[in-house]
Ligand code: NAP
């Protein structure tokens, strides 16, 4: 079977380096290109803490696609860059596996259109950790019985967007399942702006940013005389790699836009 050829965008970043390592270690995948704003000319393998692999970092995504013809692009860049990157990939008929968070509803609708116009596919996954997908699924289920809920997401302090894509997705899933509910006291007053977190359809989302954290989330349900806490911790970035690799393997078997890894795997 021919190997799946892969371009990693953001290959000099924390997630990108992990993806480079995972792709190089997968016998069914072939790393053909690595793109980033920084590190031009450096070997992607060495940057990822591996032996040299012969693929050096380039900075021009479109040009790199035209010279290396990857089948799949994996994007872990920045919220401000990802939309343009996905456009370039899909217009080159390269399937996209996107981990970068921060895409809006309108941008997702446009991405769906591009996949249709170019007969290709794109996965946008707020979280590639399988345990996080299960946490979201269990939270949705619990909200049928415990409609009072708050979400606390905790990430490293270099994260640019808040709340996290996972927290928003969790809230959306809960909203689909539970009865409509405005939580908290109707006369509740914040003495310091933001004290009660972000409001989403009657529930609250809180974002913690601290050095030392990777990606964590607690979903706390409260009821009469009892609470239920569902918690997931990514203790390092390797936790995302089985999900990323599964997506790279499967993305070309589907068409259109898929939002959420669970809709590709489960
Ligand atoms: P990071 O360490 O800052 O890495 C991002 C890399 O992309 C940096 O090297 C950055 O270069 C580069 N970059 C920025 N704009 C670019 C562009 N237009 N073209 C090419 N490269 C570009 O960030 P990270 O921690 O790896 O996270 C990356 C993204 O993944 C974030 O949105 C984060 O929230 C998300 N994430 C998702 C998951 C998931 O499971 N879905 C898990 C973890 C993280 P500079 O350093 O020059 O800016």
Inset, instruction - Run down 206, 216 and say which single residue is assigned to a strand (DSSP E or B), buried (at least 17 other Cβ atoms within 10 Å of the Cβ) and more than 16 Å from the ligand (Cβ to nearest atom). - result: 206
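Let's see how each residue does on (1) assigned to a loop (DSSP other than H, G, I, E, B); (2) within 11 Å of the ligand (Cβ to nearest atom); (3) within 27 Å of residue 157 (Cα to Cα):
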{"position": "8", "(1), (2), (3)": "no, yes, yes"}
{"position": "12", "(1), (2), (3)": "yes, yes, yes"}
{"position": "27", "(1), (2), (3)": "yes, no, no"}
{"position": "33", "(1), (2), (3)": "no, no, no"}
{"position": "41", "(1), (2), (3)": "yes, no, no"}
{"position": "51", "(1), (2), (3)": "yes, no, no"}
Legend entry - Criterion violated by residue 187 - all others in (1) away from the ligand (no atom under 16 Å from the Cβ); (2) in contact with a helix residue (DSSP H, G or I) (Cβ under 9 Å, 6 or more places away or on another chain); (3) over 25 Å from residue 108 (Cα atoms) satisfied: (2)
Legend entry - Scope the range 154-170; condition more than 12 Å from the ligand (Cβ to nearest atom) and in contact with a helix residue (DSSP H, G or I) (Cβ under 9 Å, 6 or more places away or on another chain); matching residues: 170
Legend entry - Flag if residue 108 is assigned to a strand (DSSP E or B) and either surrounded by 16 or more Cβ atoms within 10 Å (Cβ to Cβ) or modelled with pLDDT of 95 or more (or both): no
Inset, instruction - Report yes if some residue within the range 152-163 is at pLDDT 95 or above and in a helix (DSSP H, G or I); otherwise report no. - result: no
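The values are calculated or read from the model by the stated rules, or taken from the named source; none is laboratory data. Keep in mind that what you see is a predicted model, and the values were worked out from it rather than measured. Quick reminder, even Gly has a Cβ in these numbers, built from the backbone with ideal geometry, and neighbours come from all protein chains shown.
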